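Asks: Here it is: the structure, laid out below.
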Amino acid sequence: EPDVSLTGAHTLEEAVDVNVRVQSTLFKAMIDHGVHMAGCTLKSNIVNPGRDCPISYPVEHIAAANLHVLQQCFPVAMKGVNFLSGGQSLKQAAARLAAINEIKGNAAAPWNISFSWSAAIQLPLLELCRGHSELQLEKMSKLYKSELEIACAAATGLWHDGSLERSDGDHVGKQ
């Protein structure tokens, strides 16, 4: 579960370089230790510029960078990658995942590319309960269903019925 931090001012290009090196080292070690690669799935960060990066990147560039990292080092024997939210909001992570899946094409990226977003999905539910003495089950159920619809649509490369915009996945540079 390699997770390269969003903390810092690194560019998307620097993030690509670091992620290729980290994942290549991980996969080599797994192979060296005889891990059955076809039985594994990767849980990794979505490759992003640092939160304080001054350069703005559209979601399409972030999606292309993620596919580039996978194409450089991800073993084809492994059937899937489940991206972590890694401090991104659900909308941000979902827009980026949707863009990755939208442009991947089966020939260039034969893997199932999905999500493992416990933090991005659970934290808003916990926040919904803050300050209440009782669980807000009805509100929590509605929010949870909405969040899962967004995440599921993103895993198939679809943009959820207007509640998710392409720009939600853009990185806006810090000035």
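Asks: Leaving out same-chain residues fewer than 8 places away, which aspartates and glutamates sit with a Cα under 18 Å from that of K142?
Replies: E127, E134, D161
Asks: Continuing with this model, one more query. Amide H of G8 versus every other amide H placed in the peptide plane: which residues, excluding those fewer than 5 positions away on the same chain, fall under 5 Å?
Replies: R51, D52
Asks: At 1.4 Å probe size, with every protein chain present, just tell me what the per residue accessible area of the chain comes to in Å².
Replies: Accessible area per residue: 53 Å².
Asks: Hey, can you grab everything whose amide H is under 5 Å from the amide H of H171? Only 5+ residues off in sequence or another chain; H modelled, so Pro and N-termini drop out.
Replies: For H171, whose amide H was placed from the backbone, the distant partners under 5 Å are Y57, V59.
Asks: Related question: Given q = 0.10, 0.19 Å⁻¹, what are the Debye log10 I(q)/I(0) values for the chain, with equal point scatterers placed on the Cα positions and solvent ignored?
Replies: -0.40, -1.24
Asks: Tell me, what is the percent relative contact order of the chain, built from C-alpha pairs under 8 Å that lie six or more residues apart?
Replies: Answer for the chain is 28 percent.
Asks: Using each residue's phi in the stretch 146-156, evaluate 6.51 cos²θ - 1.76 cosθ + 1.60 at θ = phi - 60° and report the 3J(HN,Hα) Karplus result to the nearest Hz, with x for Gly and Pro.
Replies: Running phi through 6.51 cos²θ - 1.76 cosθ + 1.60 with θ = phi - 60° gives 4, 5, 5, 4, 5, 5, 5, 4, 5, 5, 10 Hz.
Asks: Related question: Please report the accessible area of H10 (heavy atoms, 1.4 Å probe, ligands and nucleic acids excluded) in Å², nearest 10.
Replies: For H10, the solvent-accessible surface is approximately 40 Å².
Asks: Something else: Set the Förster radius R0 to 45 Å, insert the Cβ-Cβ distance between E60 and S133 as r into 1/(1 + (r/R0)^6), and round the FRET efficiency to 0.05.
Replies: Rounded to the nearest 0.05, the efficiency is 0.45.
Asks: Once R0 is set to 22 Å, what does the formula 1/(1 + (r/R0)^6) return for the Cβ-Cβ distance between V18 and R51, expressed as a FRET efficiency to the nearest 0.05?
Replies: For R0 = 22 Å, the calculated efficiency reads 0.90.
Asks: Collect residues whose amide H, placed 1.01 Å from N in the peptide plane, falls under 5 Å from the amide H of F115; neighbours closer than 5 in sequence don't count.
Replies: For F115, the qualifying residues are F83.
Asks: Please list, in order, the residues from the stretch 76-90 whose amide nitrogen is less than 20 Å from a point placed 7 Å along the Cα→Cβ vector of A119.
Replies: Inside the label zone: 81-90.
Asks: May I ask for the Rg/Rh ratio of the stretch 92-159, computed from Cα atoms with Rh as the Kirkwood radius, given to two decimals?
Replies: Working: Rg = 14.9 Å, Rh = 13.2 Å.
Rounded to two decimals, Rg/Rh equals 1.13.
Asks: Then there's this: Take the solvent-accessible surface of the protein heavy atoms, probe 1.4 Å, and return the percent of it on the chain that carbon and sulfur atoms account for.
Replies: Answer for the chain is 57 percent, counting heavy atoms of protein chains only.
Asks: So, one more: At A9 and L148, where each label point lies 7 Å from the Cα along Cα→Cβ, what is the point-to-point distance in nanometres?
Replies: Taking the two extended label points, one gets 4.3 nm.
The values are calculated or read from the model by the stated rules, or taken from the named source; none is laboratory data. Computed from a predicted structure; not experimentally measured. Please note: Cβ atoms are built from the backbone with ideal geometry, for glycine as well, and neighbour counts cover all protein chains shown. Accessible surface is based on the protein model in full, side chains and every heavy atom, while ligands, DNA and RNA are left aside. Shrake-Rupley method; radii C 1.70, N 1.55, O 1.52, S 1.80 Å.
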